Every structure is written in structure tokens, then in C-alpha cells.
């Protein structure tokens, strides 16, 4: 449990309270002999930033809910999740995360309450990154199923993510004719200059440095979302002949 212990002892911050704390405390408590480790930081005060430990546990709780949304947990979804953690944190941490996830899949998750807790305590760039991860899990088998799609939209609304931001990330995974424009939160009727401004705005909004405080691992994963913005801009430039 060395790598996972690093997340936990790094502090769960606000995630040890409320619905997330109840779920995580029940699941993780059974994995440690010394339950004091779970609460790594006893000096937490409201308003402090999200720690990496709190972020990862929030992600695992929401991932479990999405994976259960269509009534079955697919091997492709578990594999995608494991591969993500392998890329981001290494094989040892990935194996530990999957153990926690399997336990979470057996829990009843109050999704709306969890999302409200995240909205109240996590900053906007980090919530956008959560949404990006969730769509990646849902699309792991090649398609975002209706039940998963509906649940992720519900999560986004209750995490305080506005419709344009939601559509931007949704379009990175769900094909539609205006995907490139939606990623940039722009209208197809926009002028070239308006699109250039939209690209600069989204490049800033989704820049990996926005989540730097969550550690190099999450920041590295955030590059995927940032790259989608660049790809959308390149697609539009090619279509319009913008130099």
C-alpha cells in the first residue's frame, strides 16, 4: 500500500467529510491496520485547496457510479481505468486504485450529494478535469451508452459545470458534426477573428498548469484535454483556410 498510502497520508482534506468521507472511510478503512492513516490531516479547515488524495478519491467514487450506470461493469472500463492509473501513477498505485474501485462498486453512492460536495470544495479547472476523466471511462468500450451519458450530464450539472463547458468536453468523446466548434465553445457562424479569440480562451481554460497543484500525475493527464482543443483549432483552420 506504499503508493496509495502516499495519497492518503498526503491528506484527503475536505474529502474525509460529507458523503465522500462516509464512502471512502468505509472502503479504505478495511484496507489499513491503522485507520488513523486515513485521516492524514487532522488540521483541515474549510476553504483549503483540494489535495491530490482528495482529488483521486473523489474521482474513484464518481468513476464507480458511472461504471454501474448501465447495469453492468465491463472489463474494458476496468482496463481503461487501470491503464489511466498506470500511466499517471505507476503499476503499484494502479493495482491499489483498482482494489478500492472494486469495493466502491459494491457501495451505494449518493451521486447528487457527492457532486454537491465536490462543487463546494473543488475549483473549476479540477472539476473540468474530473468530467474529462469520466467521459474517458464511459467511452472505454468505444461508445458512451445512454445511461452513462445521462449520469455524467447529471454529475456535471450538480458539480456546477455550465452547459458550454459540458458540451466542450462532451464533444471530445461524442461525435457530432460541430464537435470542433463545441470544443472551442464557438458557433459555426463565428468569424475567423472570433474563433481565434475562442481558441485562445479555451487554451487558457484547459491549460494543464490550471491543475498543477494536484501533482505531475494529474497535470500530465490534463494534457489530453488540452490537446483536444489544439486539434479542434487545427480542424477549423484547415476547413476555413485560416493562416
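The values are calculated or read from the model by the stated rules, or taken from the named source; none is laboratory data. Note that this is a predicted model, so its numbers are computed, not measured. A quick note on method: Cβ atoms are made from the backbone with ideal geometry, for glycine too, and the neighbour counts reach across all protein chains shown.
The table below gives the values:
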| quantity | calculated |
| --- | --- |
| Residue 73 buried (at least 19 other Cβ atoms within 10 Å of the Cβ), within 19 Å of residue 144 (Cβ to Cβ) and either over 13 Å from the mean Cα position of the chain (by Cα) or in contact (Cβ under 8 Å) with a residue 60 or more places away in the chain (or both) | no |
| Count of residues meeting criterion [within 14 Å of the chain's Cα centre (by Cα) and assigned to a helix (DSSP H, G or I)] in the stretch 169-185 | 2 |
| Residue 201 being out of contact with any helix residue (DSSP H, G or I) (no Cβ under 7 Å at 6 or more places or on another chain) and in a helix (DSSP H, G or I) | yes |
| Tally, over the stretch 103-116, of residues that are surrounded by fewer than 20 Cβ atoms within 10 Å (Cβ to Cβ) and either touching a strand residue (DSSP E or B) at 6+ places or on another chain (Cβ under 9 Å) or over 14 Å from residue 154 (Cβ atoms) (or both) | 5 |
| Matching option when the condition is modelled with pLDDT of 95 or more and closer than 17 Å to residue 205 by Cα, among 152, 161, 118 | 161 |
| Close pairs (7 angstrom Cβ cut-off, 6 or more residues apart or separate chains): in a helix (DSSP H, G or I) in the stretch 223-243, at pLDDT 90 or above and surrounded by fewer than 16 Cβ atoms within 10 Å (Cβ to Cβ) anywhere | 229/203; 240/192 |
| Tabulated pairs, the stretch 148-170, first over 21 Å from residue 226 (Cα atoms), second assigned to a loop (DSSP other than H, G, I, E, B) and modelled with pLDDT under 95, C-beta under 6 angstrom, 6+ apart or interchain | 148/69; 148/70; 151/69 |
| The listed residue being within 27 Å of residue 149 (Cβ to Cβ) and modelled with pLDDT under 90, out of 179, 221, 198 | 221 |
| Filtered residue count, the stretch 194-220, keeping only those that are surrounded by fewer than 21 Cβ atoms within 10 Å (Cβ to Cβ) and either under 25 Å from residue 53 (Cα atoms) or in contact with a strand residue (DSSP E or B) (Cβ under 9 Å, 6 or more places away or on another chain) (or both) | 12 |
| Residue list for the stretch 94-117, filter: in a helix (DSSP H, G or I) and more than 12 Å from residue 65 (Cβ to Cβ) | 94, 95, 96, 97, 98, 99, 100, 102, 103, 116, 117 |
| Single unsatisfied condition, residue 88 versus (1) farther than 27 Å from residue 220 by Cα; (2) at pLDDT below 75; (3) within 17 Å of the chain's Cα centre (by Cα) | (1) |
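Yes/no per residue for (1) in contact (Cβ under 8 Å) with a residue 24 or more places away in the chain; (2) touching a helix residue (DSSP H, G or I) at 6+ places or on another chain (Cβ under 9 Å); (3) surrounded by 21 or more Cβ atoms within 10 Å (Cβ to Cβ); (4) farther than 14 Å from residue 15 by Cβ:
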residue	(1), (2), (3), (4)
90	yes, yes, no, yes
97	yes, yes, yes, yes
101	yes, yes, yes, yes
118	yes, yes, yes, no
128	yes, yes, yes, yes
131	yes, yes, yes, yes
135	yes, yes, yes, yes
